[in-house]
Amino acid sequence: MTQLRYYTTDALEELRLNVADNLDWYYAPEGKPPQATTWSDFRQSKISAPALDRQLKIDLKRPPETDVTNAILVFEALSELTSHQASFERLWACLCHSDCPNYVASRWLQNRPDQTKDAVRKVHNHFFAKGTRALIRDNGVSRLWWLGKIANDVDSQDPRKFLTILLHRQDVRSALIERPAISMNRTVLRAIYEVMKNHWANGGELFERQNFRSWMVALNRRGGVVLLDSLSDDVLAELLREEAERVLR
């Protein structure tokens with residue numbers, strides 16, 4: 001176990017500005033990152049953390065399955081983090097560059113674009129993370145922690161089942177997790193999950209692309225997340241079930 005580190009602001013910006021010059025390292029990491037490697041580039045937290053890179057699983061034929069395992073692993077390994085601490089780009093960028101570059105490159109940078117600007121954009125998406133959506137959706141390591149965090153908040157008894165249902169289709173994940181208005185509203189997300197879990201156990205017709213999209217549209221039509229959050233648990237559950245059944249009819 002070592003103490004979790006994070007970059008200084010200057011070190012992070014130096015890395016970001018020099019991505020184009022260091023694309024070879026990002027797409028095939030060997031050794032230390034080309035910048036931000038001296039002791040003055042880092043700050044050390046009081047949080048203990050194991051080395052993650054060798055523990056993370058990669059199976060590009062079944063990425064959702066390994067994402068489930070990896071999300072649980074990363075969240076448990078970094079369970080001391082608060083949600084506030086987990087919103088710092090400097091922390092996740094440091095983990096991606098210093099601890100997990102091989103995992104991030106193998107999972108997200110398999111095919112290097114011919115155009116430099118496109119190759120740089122992919123690196124920015126997965127080694128860095130500006131903003132809440134990027135932290136939850138794009139950064140190679142932070143997305144795993146947030147998936148694990150949300151899964152434990154929604155179903156602490158069986159977070160793996162929640163992630164299995166959530167990640168088996170991209171449009172399901174996009175609708176629920178990549179929209180902070182839903183993913184950060186645990187009351188609504190738990191209620192949605194209860195309906196999803198029931199349909200998962202009974203054929204999964206609701207998860208067909210058009211059906212699921214229609215269900216999400218229907219929920220927005222009924223007032224959006226803010227209004228749904230104001231309903232009692234029983235009324236909310238009934239509304240979600242009604243709209244799911246309406247879509248399937």
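The values are calculated or read from the model by the stated rules, or taken from the named source; none is laboratory data. Just so it is clear, the model here is predicted, and its values are computed rather than measured. All Cβ positions, even for glycine, are placed from backbone atoms using ideal geometry, and neighbour counts span all protein chains on display. Surface accessibility is based on the protein's heavy atoms, side chains included, excluding ligands, DNA and RNA. Shrake-Rupley method; radii C 1.70, N 1.55, O 1.52, S 1.80 Å.
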- The extension gain from Glu80 to Lys46, computed as 0.36 nm times the residue separation minus the Cα-Cα distance, is 11.3 nm
- Gaussian network model of the chain, Cα springs within a sub-10 Å range: biggest mean-square fluctuation belongs to which of Ser232, Ser183, Ser87? Ser232
- Can you tell me the Rg and Dmax of the chain, counting just the alpha carbons, in angstroms? 19.5, 62
- Message: If you average the alpha carbon positions of the stretch 108-169 and of the stretch 53-70, how far apart do those two centres end up, in angstrom?
- Response: 12
- Once amide H atoms are built 1.01 Å from N in the peptide plane, which residues 5 or more positions from Ile47, or in another chain, come under 5 Å H to H? Leu4
- Task: Leaving out ligands and nucleic acids, note down the accessible area per residue over the stretch 1-50 with a 1.4 angstrom probe, in whole Å².
- Result: 61
- Note on the structure: For the table Lys32/Lys117; Lys117/Lys149; Lys117/Lys161; Lys61/Lys117, the rows whose alpha-carbon distance is greater than 31 Å are Lys117/Lys149; Lys117/Lys161
- For the stretch 238-245, just list the computed ³J(HN,Hα) in residue order, Karplus coefficients 6.51, -1.76 and 1.60, θ = phi - 60°, integers in Hz, with x standing in for Gly and Pro. 5, 4, 5, 5, 4, 5, 5, 5
- Item | Karplus-derived HN-Hα couplings along the stretch 6-11 (A = 6.51, B = -1.76, C = 1.60, θ = phi - 60°), whole Hz, x at Gly and Pro | 8, 6, 6, 4, 5, 5
- Message: With a 1.4 Å probe and all protein chains left in place, how much of the accessible area of the stretch 142-195 comes from carbon and sulfur atoms, in whole percent?
- Response: 42
- Task: Please identify, among Ala77, Ala181, Ala201, the residue showing maximal mean-square fluctuation in a Gaussian network model of the chain using a 10 angstrom Cα cutoff.
- Result: Ala201
- Item | Surface accessible to a 1.4 Å probe, per residue, for the residues of the stretch 117-249, Å² | 47
- Query: For the charge dipole of the chain, defined by +1 on Lys and Arg C-beta atoms and -1 on Asp and Glu C-beta atoms about the Cα centroid, which residue among Thr8, Gln110, Trp39 has the Cα displaced farthest towards the positive pole?
  - Reply: Gln110
- Query: Using a probe of 1.4 angstrom, how much of the accessible area of the stretch 28-83 is carbon and sulfur, in percent?
  - Reply: 50
- Message: Quick one: 3J(HN,Hα) in Hz for the stretch 127-141, Karplus 6.51/-1.76/1.60 with θ = phi - 60°, rounded, Gly and Pro as x.
- Response: 9, 10, 6, 9, x, 4, 4, 5, 4, 7, 9, 10, 4, x, 10
- Task: Using packing as a proxy for protection, rank 25-34, 4-13, 88-97, 101-110 so that the peptide with the highest average count of other Cβ atoms within 10 Å comes first.
- Result: 88-97, 101-110, 4-13, 25-34
- Task: Kindly express, to the nearest 10 degrees and within the range 0 to 90, the angle between helix 186-200's C-alpha long axis and the longest C-alpha principal axis of the chain.
- Result: 70
